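Asks: One structure, pasted below without further comment.
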Amino acid sequence: MDAITGMVQAVASGGFVFFGLILLGVFVGMLVGVLPGLTFVIGVLLILPFTYAMEASQALVLMIAVYVAGTYGGVLTSILLNIPGEPNDVPLTKDGYTMSRQGRAAEALGWAALAALVGGIVGWIALVFVSQPFAALALQFGSAEYFAIILLGLTGVLALSESSTAKSFISLFAGMLVATVGIDDIYGAVRYDFGTDLLRDGINYLAILVGVYALTESLTRFGERFGGKVAQQPGEVRTTLPGLSAIRSRAGSFVRGTSTGALISAGPGVGSTVGAFVAYGVEKQFGRHKLELGTGSPSGIIAPQAASTANVSGALIHLLVLGIPGSGASAVLLGVFQLNNISPGPQIFGQQPELISAIFAGLLLSVLAMFVMGILAARPLIRMLALPEVYITAFVVLFAYMGAFALRQSISDVWIMTAFGLLGVFMVRGGYPLAPLVLGAILGPLGERYFNTTMIRTGGDWTVFFTRPLSAVLLAITAATFALLAYRTVKENRRDRALLEQRIAAG
Amino acid sequence: MARDDDTSRSAAAGDADRSAPDEPAGAVTARRRDEGQSGAAASEDGPDATKSGAASGEPGTPDDTEFEVIERRSSPRDLAAELIPELGLIALAAYLFYLAGTFQNQAEQDLLGPGFWPRLAAAGLIVALVVRIVQIFRERNRPIVKVHSEFDEFEETAELDWGRTALAMALAVAYVLSTMFLGYLISTALFLGVFIWLGGQRNRYVPLVAIGGALITTYVFIGIVFVSLPTGVGVFDTVTVAIYRLLGLQ
Amino acid sequence: MRMGNTRERWVAAVSAVALGVAAFAGCGDTGGEKSGGGGGGAGASGEFKRPITMVVPFGPGVGSDQAARLSAPVIEKEIGQQIPVVNVPGATGNTGMTKMLQGPPEQSLAIMPADTLATVVAGTSSFQLDEVAPVCRISNAPSSLWVNTKGKYKDWDALGKAAKENPGEVAVATVGKGGIDDIALGSLEQQGFKFRAVPFAEGSERKGAVLSGDTEAIFEQAGDVKENVDAGQFKPALLFADKKQEGLEGDYTLASELGVEEFLDQWRGIFANSELAPEQLKTLSDACSKVEQDPKFDEFRKKALELEGGFMDSEEFGKFVKDEQTKIKDLGAKYGVFK
């Protein structure tokens, strides 16, 4: 009850500004979903410079609105044009576009909107009811536990990477190494400054994020001559919400999608894309309509979309309770907290109840606004596709500049951002994944901090990580993830060899 | 965003096999398509396996896997192109590992010190790079098996033109550099114009968008977000500040 | 296609040349602008012709930020120029101080706490003390040790006893190695109380460590743990001073009672670039003296449990900073904090 009273107060005190920010955020989120090349991670990065002048709660609500709407906006192009607007839209595109070709586009959009709504609201309920008890528990976590959580997160990033394991490791360690530049916060030692003020001040991971996501994407799109994603304007854009009996027959898909999305996001490093793919897999395995998947089945839209949106709440629980971001978008949110000198973590629930209420209220209103805007604004949003991409890309470069500059009002961060933007181009070209670099840069310093603290606290006793029960369990899960990773690599190599022999045998 | 095409893919383009015109250029394909409902087909692999004559005694090899084999023969030049960045990184990591031992430590009595974590990361990087180099050598003349998934069609396929990419990178660097001298406002107008023009949009609206975009973002970021953007030096500072006045800023 | 390409190159070349020429022209002008602009004549009269940016080298909301935002309007009124406040956090204040020094001297100010001075002494700062000119000190508060009200040791007697019996086993959460915290703990070690300092860079982690039982106590100034005290989580155990502090309740012990004689307080002051004209420095110092009497600032001071009479003018503060620097250096060496 307290939670609800708090939220009502937050909305009331925020007034029109609060609603305005949510509408703006949802619009931007849907827009980046629709526009080719712009993911919702880029979306939150682009809105970042605008939040510097805002209060923490306003900035966070705006970002959450972009984030949550970003998991949904891409369905429009996926269903209508067979272009997944976001990576997490890939699984639903198959059924969505097939429905569209069958003349059932309006129906498909309706299912997607409803799935996003249900996933969002169920996720929100989980956020409101799970985060506080979880925070009470997390208050007992010491630095050993936090270190184990970070280690699990880093392993998760590797396990989920599609690239070769060696390349993922290289990217990850490079990120960790880069993040050690500057004055370290435990010993006050200057590391890798090479005599320059620019490096002595350290490398803000937000500059890295803006560089490798926003700038790299802009440069490669320019390099690709903006090709490959030619979109025609679809004929009619309409949304028809499904009837009650239809919903009842698909209820299982909603439940499976939402729970998959919410549960899987409990693992650090698991974003909406993984959630959507896993939900699609679950649907294909266990769904009542599993045989129609791929042939224009609403279930093939519902499950991944509900999972994508529900995933946002999971990421928020992680971020708010532990102060550890699991994905690119929540890392940007962490950056906003830090820029406002607020450290998310278990104590935040006791010390900043207004902020927490504002976030809760903001997420719920964003989900609702997303649902309404998804139905009403689909047409104008799709129209934006007619704008030549180079205009958008040019402004992305501009906002990348601004996002980096405004971090510390310094051109140094712009140079760092630019350097990483260029590095990102080479990495993409060489098949190196970017996510491990970014998460290595974000989680690396946290891991170092917790590790060193634990060591100093215990006087160098390594066994503490294994004797504290929770830490031991987390490390066991980490080891299991590693084993799985190794097993998968071996299995894939074996499969490739078998397939090769098969081909040779076939002539 | 699966953007993991290996560099080797383009290397294979040299010995293109024209027999498969529907495939990406150069890929020598040996795939068996199973266009039906893949979900239903997944469970029955028995009869198919014998038909294809595959050596599928291997456990866990789903026989109906769609795949292609990309032949390639790496020339020494390709190999060098792959190895040089990796070797360079090893040298860098080794140097950083060495440097980490020299960090000034205020608190002598502590066990790990500020160099421990950087050393860990540098060592990890070196090991991963060595593994990668071994892989490059082992795989250099081996065909690549590319297994298709049902979501392949959404992989980004646009060709990256290196000349264009280099141009974009140069523009980005020139932009940041020029803001230090010309100030944000003037540089941004120039950058927008040049970038959009070179990006293929050549119409009379481009200068309008460039100047308008620079003015609007300047107004928003200085007037509303309070970012103290670079105003440039010398005469550019004067001009920029004069325009700020016209915009009603400061 | 070929047409397009040629034209493209042409445009690229022209724009590159244009940028280059412009940049060159800009470079040539730099010197002239710096010496001629703003300063000079205006400086001698002690007046300010342009708005002055006040850098807070920490994030919004913390003590330094509040102090800066409350003093800026008072100084604004006195000197007749606007003083926008910007936050430039990072590296215990060093990032912000560097930023301030990069700006034109007559348009730049920064607020700086004792912790940042300690980095200068430790040799990890990105600026030197002679690059900055002390304008005024605006606040001062003693450091203190706090314990968890539900923790193992509920007051100094229990905490100190444990530290004496198990030297180096009782953990105290501190800001970082080689800072004022370590010096204060060193002074306790001298008296036979050997604690283990466990550094946490972020305030919330530091507090979390005490709440989770990771450490037994925390080193902070009263204003920064006020929330936790109000919530009944923390209580004061030891105050690094020789007299009780007004407004600080609870039965805490004074470090002077343990035999500690020298204390390093947590002060904050406003600094300018040392290239600022002396007349202008005087103007600022005079304006700053009004801050102390400002009712809003006084309210903040009381709430943050800062000592009364923390103000010092430019001259006095300059001497103080020099003494403080020597004191940090000597005490640091004495207690083995600095090598």
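Asks: Helices (runs of 4 or more DSSP H) wholly in region C:46-153 with at least 2 residues that are of a type in the set (V, I, T), at the interface with another protein chain (Cβ under 10 Å from one of its Cβ atoms) and more than 17 Å from C:G269 (Cβ to Cβ) - which ones?
Replies: On the way: elements: C:63-79, C:94-102, C:114-122.
Filter on region C:46-153 gives C:94-102.
Asks: C:D130 versus (1) within 30 Å of C:K319 (Cα to Cα); (2) free of Cβ contacts under 8 Å to residues at least 60 places away in the same chain: which is the lone unmet condition?
Replies: Tallying (1) within 30 Å of C:K319 (Cα to Cα); (2) free of Cβ contacts under 8 Å to residues at least 60 places away in the same chain, C:D130 fails exactly one: (2).
Asks: How about region B:146-186: which of its residues are over 20 Å from A:G430 (Cβ atoms) and outside the structural domain of B:I222 (by TED's automatic domain parsing)?
Replies: Scanning region B:146-186 gives B:V147, B:H148, B:S149, B:E150, B:F151, B:D152, B:E153, B:F154.
Asks: Residue check: is A:F141 of a type outside the set (S, T, Y), part of a loop (DSSP other than H, G, I, E, B) and closer than 26 Å to A:A435 by Cβ?
Replies: In short, yes.
Asks: Just to check your reading of the model, which residue among C:A255, C:A272, C:A287, C:A277 is in contact (Cβ under 8 Å) with a residue 60 or more places away in the chain and under 15 Å from C:L145 (Cβ atoms)?
Replies: C:A255
Asks: Now for a different question. Run A:Y187 past the list (1) part of a helix (DSSP H, G or I); (2) of a type in the set (F, W, Y); (3) more than 25 Å from A:L333 (Cβ to Cβ) and report the number of the one that doesn't hold.
Replies: Exception for A:Y187: condition (1).
Asks: Checking the condition under 24 Å from A:V438 (Cα atoms), in contact with a helix residue (DSSP H, G or I) (Cβ under 8 Å, 6 or more places away or on another chain) and hydroxyl-bearing (S, T, Y), which residue from A:Y67, A:Y97 passes?
Replies: Working: A:Y97 fails: under 24 Å from A:V438 (Cα atoms).
After applying the criteria, what remains is A:Y67.
Residues checked against (1) modelled with pLDDT of 90 or more; (2) within 21 Å of the chain's Cα centre (by Cα):
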site: C:N94; (1), (2): no, yes
site: C:L101; (1), (2): no, yes
site: C:F127; (1), (2): no, yes
site: C:E131; (1), (2): yes, yes
site: C:T149; (1), (2): yes, no
site: C:K164; (1), (2): yes, no
site: C:V175; (1), (2): no, yes
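Asks: Is it fair to say B:V239 is more than 7 Å from every other protein chain (Cβ to nearest Cβ) and within 30 Å of the chain's Cα centre (by Cα)?
Replies: no
Asks: Within region A:1-112, which helices (runs of 4 or more DSSP H) (wholly inside it) include 3 or more residues that are among the charged types (D, E, K, R)?
Replies: In region A:1-112, the matching helices (runs of 4 or more DSSP H) lie at A:90-101.
Asks: In addition: Here are the criteria: (1) part of a loop (DSSP other than H, G, I, E, B); (2) at negative phi. Tell me which single one C:G168 does not satisfy.
Replies: Condition not satisfied by C:G168: (2).
Asks: Something else now. Has region C:156-164 got any residue that is in contact with a Ser or Thr (Cβ under 9 Å, 6 or more places away or on another chain) and part of a loop (DSSP other than H, G, I, E, B)?
Replies: Checking region C:156-164: not a single residue is in contact with a Ser or Thr (Cβ under 9 Å, 6 or more places away or on another chain) and part of a loop (DSSP other than H, G, I, E, B).
Asks: Hey, any hits in region B:189-201 for a residue that's modelled with pLDDT of 95 or more, closer than 19 Å to A:D413 by Cβ, assigned to a helix (DSSP H, G or I) and in contact with a helix residue (DSSP H, G or I) (Cβ under 8 Å, 6 or more places away or on another chain)?
Replies: For region B:189-201, residues modelled with pLDDT of 95 or more, closer than 19 Å to A:D413 by Cβ, assigned to a helix (DSSP H, G or I) and in contact with a helix residue (DSSP H, G or I) (Cβ under 8 Å, 6 or more places away or on another chain): present.
Asks: Every residue in region B:122-167 that is crowded, with 17+ Cβ neighbours inside 10 Å, under 27 Å from A:V90 (Cβ atoms) and more than 7 Å from chain A (Cβ to nearest Cβ), please.
Replies: Scanning region B:122-167 gives B:I144, B:K146.
Asks: I would also like to ask the following. Out of (1) closer than 30 Å to A:L177 by Cβ; (2) at the interface with chain B (Cβ under 8 Å from one of its Cβ atoms); (3) polar (S, T, N, Q), the odd one out for A:S410 is which?
Replies: Evaluating A:S410 over (1) closer than 30 Å to A:L177 by Cβ; (2) at the interface with chain B (Cβ under 8 Å from one of its Cβ atoms); (3) polar (S, T, N, Q) leaves (2) as the failure.
Asks: Suppose we filter A:R221, A:R238, A:R225 for residues that are charged (D, E, K, R) and outside any loop (DSSP other than H, G, I, E, B); which single one remains?
Replies: Answer to the check: A:R221.
Asks: Sticking with this one: Just checking, how many residues over region A:53-89 are surrounded by fewer than 24 Cβ atoms within 10 Å (Cβ to Cβ) and either touching a Gly at 6+ places or on another chain (Cβ under 6 Å) or among the aromatic types (F, W, Y) (or both)?
Replies: Residues that pass the stated criteria total 0.
Asks: Confirm whether B:I216 is of a type in the set (V, I, T), more than 20 Å from the chain's Cα centre (by Cα) and more than 7 Å from every other protein chain (Cβ to nearest Cβ).
Replies: So B:I216 passes the test.
Asks: Are there any pairs, at least 6 apart or on different chains, whose C-beta atoms fall under 9 Å, with the first in region A:120-140 and within 14 Å of chain C (Cβ to nearest Cβ) and the second acidic (D, E), and if so, which?
Replies: A:A138/A:E145
Asks: Please find, among A:G403, A:G374, A:G421, the residue that is away from chain B (no Cβ under 14 Å), touching a helix residue (DSSP H, G or I) at 6+ places or on another chain (Cβ under 8 Å), of a type outside the set (A, V, I, L, M, F, W, C) and part of a helix (DSSP H, G or I).
Replies: Values: A:G403 fails: away from chain B (no Cβ under 14 Å); A:G421 fails: away from chain B (no Cβ under 14 Å).
Exactly one residue qualifies, and that residue is A:G374.
Asks: Mind counting the residues in region C:183-211 that are in a helix (DSSP H, G or I) and either under 25 Å from C:D330 (Cα atoms) or of a type outside the set (A, V, I, L, M, F, W, C) (or both)? So that I can check it myself, show each step before the final result.
Replies: Narrowing region C:183-211 to residues in a helix (DSSP H, G or I): C:183-190, C:203-211.
Filter once more, so that each one left must be either under 25 Å from C:D330 (Cα atoms) or of a type outside the set (A, V, I, L, M, F, W, C) (or both): C:183-190, C:203-208.
Count: 14.
Asks: Another one. Of all residues in region A:102-117, count the ones that are farther than 22 Å from A:A369 by Cα and in contact (Cβ under 8 Å) with a residue 60 or more places away in the chain.
Replies: 2
Asks: What number of residues within region A:406-449 satisfy the criterion of being closer than 18 Å to A:G223 by Cβ and of a type in the set (K, R)?
Replies: 1
The values are calculated or read from the model by the stated rules, or taken from the named source; none is laboratory data. Note that the coordinates shown come from a computational prediction; the quantities given were computed from them, not determined experimentally. Glycine gets a Cβ as well: all are built from the backbone with ideal geometry, and neighbour counts include every protein chain shown.
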